[in-house]
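The values are calculated or read from the model by the stated rules, or taken from the named source; none is laboratory data. Nothing here was measured: the structure is a model prediction, and the numbers come from that model. All Cβ positions, glycine included, derive from the backbone under ideal geometry; neighbour counts span all protein chains shown.
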Amino acid sequence: MKVLMIYAREFSYEPRIKTLTDFPDITEGKTFRDVQVVCIQVEAEDEEKLKSKETKLVKLIKWAAKKNDTRKILLHSFAHLSESKAPPEISKFIFDKTEERLKNSGYEVEQTPYGYFLDLKLDAPGKSSARIFKNL
C-alpha cells in the first residue's frame, strides 16, 4: 500500500469521468477546509494482509492528523502511486473499513467518489508535516 498525505487549508473536487461502472453515479463536487487528504493506493499484495494493512493505515492517518492539528480526514483513491493494483472491491473495502474506524475514534471522515477521475483544487501550506509519503 502506498499513501501520500497532504494537509490542505482547502481541497475541492468535481467528478469528471466515471471509470468503474459498478460504483454509484456522482455528479456533485465538494469543498473541504482544514483537512488531512489521504491519497491511497491499495496494491495487489495487500489483499493477503488486509487487517494489518488497515491497522497501519489508520494509525498513520491519526498521526498525520495530529501533526497538522485537524480532526477532518478525506480518503482519496490515487491509483497512480504504484504499478501494482488490488481489485477495486478490495480497495473500496479498505477505504470503508478505514473510514469506519476513524469515525469510531471521533474523526470527521469522508471519501472522494470512488471510480472517478476528478478535477482537483488544492491549497496546502509549505511546511514539512503538510506532505507525507509512506509505503505500508
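Observations on the structure shown:
- Scanning the range 61-86 for residues that are of a type in the set (F, W, Y) and either in contact with a Ser or Thr (Cβ under 6 Å, 6 or more places away or on another chain) or not in a loop (DSSP other than H, G, I, E, B) (or both) turns up just one, W63.
- The condition (being more than 25 Å from P125 (Cα to Cα) and surrounded by fewer than 15 Cβ atoms within 10 Å (Cβ to Cβ)) is satisfied by just one residue among D22, D46: D22.
- When the range 109-133 is filtered for residues that are among the charged types (D, E, K, R), more than 13 Å from the chain's Cα centre (by Cα) and either closer than 23 Å to M1 by Cα or not in a strand (DSSP E or B) (or both), the ones remaining, listed by number, are K127, R131.
- Residue among L120, L136 that alone is buried (at least 18 other Cβ atoms within 10 Å of the Cβ) and among the aliphatic types (A, V, I, L, M): L136
- The range 81-92 residues that are over 7 Å from A44 (Cα atoms), paired with ones that are among the basic types (K, R) (beta carbon under 8 Å, 6 or more apart): L81/K2; S82/K2; S91/K85
- Across the range 3-60, the qualifying residues are those that are in contact with a strand residue (DSSP E or B) (Cβ under 9 Å, 6 or more places away or on another chain), part of a loop (DSSP other than H, G, I, E, B) and touching a residue at least 60 places away in the same chain (Cβ under 8 Å), and the one among them that is nearest to L118 (Cα to Cα) is G29.
- Considering (1) out of contact with any His (no Cβ under 8 Å at 6 or more places or on another chain); (2) closer than 22 Å to E28 by Cα; (3) in contact (Cβ under 8 Å) with a residue 24 or more places away in the chain, the lone condition that A130 does not fulfil carries the number (2).
- Residues that are modelled with pLDDT of 95 or more, loosely packed, with under 15 Cβ neighbours inside 10 Å and among the small types (G, A, S) do occur in the range 94-105, at least one of them.
- Flag for E89 being within 18 Å of Y114 (Cβ to Cβ) and surrounded by fewer than 16 Cβ atoms within 10 Å (Cβ to Cβ): yes
- Within the range 78-100, being closer than 15 Å to Q36 by Cα and in contact with a Cys (Cβ under 8 Å, 6 or more places away or on another chain) holds for one residue alone: F78.
- Residue that is farthest from H80 (Cα to Cα) [pool: residues in the range 1-50 that are of a type in the set (A, V, I, L, M, F, W, C) and over 15 Å from the mean Cα position of the chain (by Cα)]: I26
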